[in-house]
Amino acid sequence: MKFLPRLLGLGLFALLTLLVMACESSKTATTEFGSPNRIKGDVIAKPESRLIVQLTDTATNFKVPRAELASAFIRQFGDGTVVDKILVRKAPGSDANGKYYLIGMGLRGGMYRAMALPLTSGGENTYYLRPSAERYVITSTGCPTCLFEFEEERIVSAECAENSGGGRCDLKVMSNNELFIPQVVSR
């Protein structure tokens with residue numbers, strides 16, 4: 001009988017140890033796409049693809065209001081660029097099911113700026129923006145308008161539309177975007 005309390009105590013200790021080991025908290029939660037969730041404060045921001053546009057034979061139907069897209073582009077630039085024009089354009093030379101880009105254009109300090117984001121087809125002429133989609137950003141110096149240059153449906157460079165005296169367009173490619181990742185408001 002002297003061993004019964006010790007045996008119960010040892011069994012309880014072993015059970016408690018197993019429970020603590022089973023509750024490992026160092027693992028990162030992942031989404032269905034395998035990317036980690038971003039945890040900021042009490043909010044978990046799950047970056048997911050967002051429906052941007054549905055194309056028909058006669059119209060481009062934006063599923064996100066253009067004003068919201070312009071605000072998102074302004075936040076994405078993050079440097080004072082004011083975006084005032086939003087377009088969806090098909091890559092030149094592509095077939096009927098070619099690649100489309102969401103493009104925001106505007107000015108910063110009087111200089112032309114543009115950002116293009118490739119869209120992913122969702123079928124039925126719908127196109128989505130993925131958070132992992134790269135950003136193509138043009139900054140002009142002395143050029144009133146810059147154009148994206150394509151090669152096999154991919155943006156490869158930029159050129160000045162009216163180069164009348166030493167203007168140039170610089171292209172920078174970044175690996176992802178945060179156009180629609182929710183902003184966490186700190187308290």
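The values are calculated or read from the model by the stated rules, or taken from the named source; none is laboratory data. On a predicted model such as this, the values are computed, not experimentally measured, just so you know. Accessible surface areas use protein heavy atoms only, side chains included; no ligands, DNA or RNA. Shrake-Rupley method; radii C 1.70, N 1.55, O 1.52, S 1.80 Å.
Provide the gained length on full extension for the span Thr126 to Lys172, in nm with one decimal, where the gain is 0.36 nm per separating residue minus the Cα-Cα distance.
13.8 nm is the gain from fully extending Thr126 to Lys172.
How big is the Rg/Rh ratio for region 87-187, C-alpha atoms only, Rh by Kirkwood, two decimals? Mind dumping the intermediate values first?
Details: Rg = 15.2 Å, Rh = 14.8 Å.
Taking Rh as the inverse mean 1/r over Cα pairs, Rg/Rh reads 1.03.
Glu162: accessible area at probe 1.4 Å, nearest 10 Å²?
120 Å²
If you average the C-alpha positions of region 108-187 and of region 58-97 separately, how far apart do those two centres end up, in angstrom?
Cα centres, region 108-187 to region 58-97: 10 Å.
Quick one: 3J(HN,Hα) in Hz for region 59-69, Karplus 6.51/-1.76/1.60 with θ = phi - 60°, rounded, Gly and Pro as x.
8, 10, 9, 6, 8, 10, x, 4, 4, 5, 4
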